Each structure stands twice: as C-alpha cells, then as structure tokens.
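Values quoted throughout were computed directly from the atomic coordinates according to the rules given, and no laboratory measurement underlies them. Being a predicted model, the structure only gives us computed values, none of them experimental. Note that we place each Cβ from the backbone using ideal geometry, even for glycine, and neighbour counts take in every protein chain shown.
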Amino acid sequence: MKSLLVAQSGGPTAAINSTLVGILTYAYTQQEKINRVYGAINGIEGVLKEKFIDITKKVKDVQSMELLCNTPSSALGSCRYKIKNEDRDSDTIKNIIKIFRKYNIGYFIYIGGNDSMDTVSKISEYCYKNNIKDITVVGAPKTIDNDLESIDHCPGFGSAAKYIATTFSELERDISVYDTKSVTIVEVMGRNVGWLTAASALSREASGSGPNLIYLCEKYFDISSFLKDIEEELSNKNNIIVAISEGIKDKDGKYISEIVQSDSIDSFGHKYISGAGKVLENIVRKELGCKVRSIELNLMQRCSGHILSKTDIEESKLLGMKSCQCAIEGNTGVMASIVRKGNNPYEIELTSVPVSKIANKEKRVPIEWINEKGNYVKEELIDYIFPLIQGEVKIQYINGIPKHIALY
C-alpha cells in the first residue's frame, strides 16, 4: 500500500477545503490501496521542507468533515513557489521524488490554479521522462478568478460570485438613500479576466437594478469614455454604482492602477496591481466635481465563508473525489474537470483533462458576452454565472461567529 499526499497552493478560496474533503472522502474508501493520508503545510514548499501532518488524525468523522467543508481559506496553508523548468531546476524535482519515496507516497494531489497546475505538469513530465511509474501526480482545480482552461467553471468562483452579487445588492440600497449626485466605484479582483466583476450584475436578481456600469479587463479602458458614461448615468439618476476589474488597462496595455503603483512583481512574474478604483475616484472628483468614493473589496471576496454557494461547495467536493479517483487509477498528469451539460435544468459531468492544456493558460470572458460600448455585460454571461451561486449552506456558529476548523 501507498500513502496519499495532498497540498494546497495559490490564493485561498471559500471552497478549497471542500475539495480537500472530497479527496479524503474517496481516499477513506480505498483502505486496501491507501494506508495514510498526509497533508503538506504550505504547498510544494512544505513538500520540500517535509512539513507533513497525518490528516486522518485530524479529520476522521462526519462532523469534522462537514466543519472542514465549510471552513474558508486553505486549511493546509498555501504558497506561491514556482518550480523552474526541468532543465534548469531538475534537482528540485529530484528532491521531491526522493521525499515521496521516503514517506512511501504513491499519490500526490495538488489543489490550485494556473501556476499550481504548472507544478503538477512539471513533476508528472519528469516522472514520465524518467520512467517513474509508481507515483501518480494529479491536479484539483481551484481559483475564484474562474480563469482555468478546459473546465466550465472553477471551484471557489461560485461562492466569490455570490458574495460579490450580495455586496453590490446591499451597496445599491446604501447609496440610494441620499438626494444628492454621487458615484460609488467598486473594484473587484481580476488581474486579466473579468469573471468576478461580471458577477456584480447578478445583484439585480435581488429585486434591484444592479450596477449602472460594469467594466471588465477583457476590453481596453478609455478614461474619456468612462467619464461620458458617468455623466450620462447621472443625468438620469442621482446615485450610481460602478463595477470595475482591478486589472483594467488602457489601449496601450498599461494597468490603470499603474498610475499610482510601482513596477514590483511576484515570484511568478506578475505585477502587483490594485488601486484602479482609487485612481478613477480622483479622476471623477476632479473632472465632474460630484460626490464620489471608491471601495476595494480586496481579500473579503476570496474567503467569505458565511455566504457560501451550495452549488460551489458540492461541486468542489465532487471534484476532490474525482481527482482522488484519477490518482488511485494511475491517471497521472491530469486535472479533474467539469463539463456543463445544460442550464435548464443545470447539469454537469465530471471528467479529467491533461494538465498540459491548463498550465500557464488563461480563460477570459468571451468578448461577445460584453456589450459594444464595453460598459456592461450581456445576458449570456449572466446566464452562465447564475446557476453557480445557487443554494445556501448551513453554517455552524459559536458565540455568534461562524465556527471553523484548524489542521495545524
């Protein structure tokens, strides 16, 4: 028998632990093949440092499973560690394989997004090239950005979208109480994709009108057109709310936030971006002279465990089970995935896809789902997101606060 190792990577979400629960659920039925389930603390960095815990000692009954399922953020910790290309960093992968052997690990499942799938791809490719057949490496999808290729939608996106739609619904009611002209600009996460920002449109499903204007990063952002859009909306309504992606760029490809940001980059070569809302707030105040404020949802939209999408949590668990099944069956170098079979009724099918089709790629909002002026989304986009925010999860509370579980 072999041991199973699970790790989480990248930005945390409200559903990533549900995927972990799915993996454990399937693994616990495979006692003839799996003798122990390890969790690596802080992703692949934890693997390299041998920071392992025996999850079976922490999560061993239905109650702890349910609590973990509804606990937001990465219960095993996370990292943003990039394995270099094999020809430049083969010693790192050799060391990982050596550690796997040391702990009798035959199955490794990495829960994460684009960059995490790059790690899965590199380790599985190394195993293939070196004829290593006793170690299976599988990816389990995760990202609120919903930007993974070869999957209809990503675990974590539905709950984040539900939070965003709810927040905009509440903000709409807040700003409408005053009889003065005002503009509220809300900056939503999304470096190069606007899926989350588009979710703001679903706030109208709560008997409101939704944002007056929505700008995604899939179309270039023109400040002059933006100001004209604001003026037009204010001519018909006193109080307006605007949704913008943090990664909106001008026609030259420069982030709007770069007006006030440095050129610093992270370990994956991504620029640090935020502050587009504040930039636009100052421009609107200067050019139009009306009352204006900006709100940056920031980290709150990632792990709002008090307002989970039941659909998201259930599907995340199913994908965890699917990834574990792939690992046990020796289907290495793949990521568990979802195919949407229909919207009415909403129906999905689980499958797996080669991780090489996902690593370092980015799925953007189709341009045809954005209106011609680039300041709102079309019904096709709303219809796509709507099923993903459905259903509520019963949350356990302690002293009035949602109860969570800690694994380390």
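Relative protection proxy for 189-197, 221-229, 127-135, 139-147, from highest mean packing down: 139-147, 189-197, 221-229, 127-135 (other beta-carbon atoms within 10 angstrom).
Taking the Cα atoms of the range 115-172, the ratio Rg/Rh between the radius of gyration and the Kirkwood radius comes to 1.25. Phi angles of the range 344-357 translate, via the Karplus equation with coefficients 6.51, -1.76, 1.60 and θ = phi - 60°, into HN-Hα couplings of 9, x, 5, 8, 10, 9, 8, 8, 9, 9, x, 5, 5, 7 Hz per residue; Gly and Pro are given as x. Distance from the C-alpha centroid of the range 133-166 to that of the range 299-321: 10 Å, rounded to the whole angstrom. Relative to the dominant Cα principal axis of the chain, helix 157-175 is inclined by about 20°. Helix 310-328 and the longest principal axis of the C-alpha atoms of the chain enclose an angle of approximately 30°. Using the Cβ-Cβ distance between Tyr128 and Lys291 with R0 set to 56 Å, the FRET efficiency works out to roughly 0.40. The coefficient of translational diffusion for the chain, derived via Stokes-Einstein from the alpha carbon Kirkwood radius under 10 °C and 1.306 mPa s, stands at 72 µm²/s. If you plug the beta carbon distance of Ser90 and Lys254 into 1/(1 + (r/R0)^6) with R0 = 51 Å, you get a FRET efficiency near 0.85. Two numbers describe the Cα atoms of the range 354-408: Rg and Dmax, which are 19.1, 50 Å. Here the chain is assigned +1 on the Cβ of each Lys and Arg and -1 on the Cβ of each Asp and Glu. Its dipole about the Cα centre then comes out at about 1400 debye.
A simple count of charges around Lys341, restricted to other residues whose Cβ falls under 14 Å of its Cβ and scoring Lys, Arg +1 and Asp, Glu -1, yields -3. Calculated [222 nm] ellipticity per residue, helices only, for the chain: -10500 deg cm²/dmol; basis is -39500 (n - 2.57) per DSSP H run with n ≥ 4, divided by all residues, nearest 500. Spatial offset of the range 274-298 relative to the range 1-49 amounts to 43 Å, using the alpha carbon center of each. Exposed loop sites here mean GluC sites (Glu not before Pro) with a DSSP loop assignment and at most 15 other beta-carbon atoms within 10 Å; the chain contains its longest site-free run at 51-328. Each of Ser3, Ser316 was scored by other Cβ atoms within 10 Å of its Cβ. Listed from fewest to most, they are Ser3, Ser316. Farthest towards the positive end of the charge dipole of the chain, among the residues Thr332, Gly39, Gln396, is the Cα of Gly39, using unit charges on the Cβ of Lys, Arg, Asp and Glu. If you take all other residues with their beta carbon under 11 Å from the beta carbon of Lys373, and give Lys and Arg +1 and Asp and Glu -1, the sum is -2.
The relative contact order of the range 157-301 comes to 30 percent, based on Cα pairs under 8 Å that sit 6 or more residues apart. Sorted largest first, the spans of the alpha carbon positions of the range 157-301 along the three principal axes are 47, 36, 21 Å.
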